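The structure appears right after this line, and notes come after that.
The values are calculated or read from the model by the stated rules, or taken from the named source; none is laboratory data. On a predicted model such as this, the values are computed, not experimentally measured, just so you know. As a convention, Cβ positions derive from the backbone with ideal geometry for all residues, glycine included, and neighbour counts pool all protein chains shown. With ligands, DNA and RNA removed, areas are computed over all heavy atoms of the protein, side chains included. Shrake-Rupley method; radii C 1.70, N 1.55, O 1.52, S 1.80 Å.
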Amino acid sequence: LSKEQANFMLGALDIQEKKAKEIMIPIEKTVMVNNEEEVDVDMLKVFKSGHSRIPIYSRTKDNVQGILRVKQLIGVDLSKNRSLKDLNIPLSQPLVISPEMKAIDLLNEFRIGKSHMAFVTKDVEKMQKK
């Protein structure tokens, strides 16, 4: 086996035991956008992030409204300085999962196609109601 193949196999074995809390990116390190922030040509953090999906929040980062697919901004006139809220762009709903969920189970959820992003929280039921 090559080193790359061996690492791939070890990673596959490792994912069986890892939990979501071990592989998540903390919310404070996540590129997020306020839905009341103007979507203009200066909003480069979205485009520079290289991500295809961006969490959208209202007022505080704890109040996530949904997920914006960046391609939804294609064709939007960025010179009008309107907010995402004003543009009325539909947002996708993320998966909301427990920190204890096994990474392999999360991967399976992603493969089903329910979402491409998940929010990890101890308050799953509270977040799902939002």
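A few notes on this one:
- Count - residues of region 81-123 that are touching a Lys or Arg at 6+ places or on another chain (Cβ under 7 Å), in contact (Cβ under 8 Å) with a residue 40 or more places away in the chain and closer than 18 Å to His51 by Cα: 2
- With respect to (1) surrounded by 12 or more Cβ atoms within 10 Å (Cβ to Cβ); (2) outside any loop (DSSP other than H, G, I, E, B), the lone exception for Ser115 is condition (2).
- Under the condition of being modelled with pLDDT of 80 or more and surrounded by 14 or more Cβ atoms within 10 Å (Cβ to Cβ), the residues counted in region 118-130 number 4.
- Cβ pairs under 6 Å, 6+ apart, first in region 1-24 and over 14 Å from Met101 (Cα atoms), second of a type in the set (Asp, Glu) and surrounded by 12 or more Cβ atoms within 10 Å (Cβ to Cβ): none
- Residue within region 18-38 that is more than 23 Å from Asp105 (Cα to Cα) and among the polar types (S, T, N, Q) present: yes
- Residue among Lys29, Lys61 that is within 12 Å of Phe119 (Cβ to Cβ) and under 18 Å from the mean Cα position of the chain (by Cα): Lys61
- Scan region 15-36 for residues that are out of contact with any helix residue (DSSP H, G or I) (no Cβ under 7 Å at 6 or more places or on another chain) and surrounded by 12 or more Cβ atoms within 10 Å (Cβ to Cβ) and the total you get is 6.
- Residue match in region 87-100 (condition: out of contact with any His (no Cβ under 9 Å at 6 or more places or on another chain), open to solvent by less than 50 Å² (accessible area, probe 1.4 Å), of a type in the set (Gly, Ala, Ser) and not in a loop (DSSP other than H, G, I, E, B)): no
- Residue, nearest to Asn63 (Cα to Cα), within region 1-33, restricted to residues that are part of a loop (DSSP other than H, G, I, E, B) and polar (S, T, N, Q): Thr30
- Residue, nearest to the chain's Cα centre (by Cα), within region 34-53, restricted to residues that are in a strand (DSSP E or B) and modelled with pLDDT under 85: Val39
- Considering residues of region 54-83 that are hydrophobic (A, V, I, L, M, F, W, C) and modelled with pLDDT of 85 or more only, the residue surrounded by the fewest Cβ atoms within 10 Å (Cβ to Cβ): Val70
- Unmet requirement for Ala6, which otherwise passes all of (1) open to solvent by 50 Å² or more (accessible area, probe 1.4 Å); (2) over 25 Å from the mean Cα position of the chain (by Cα): (1)
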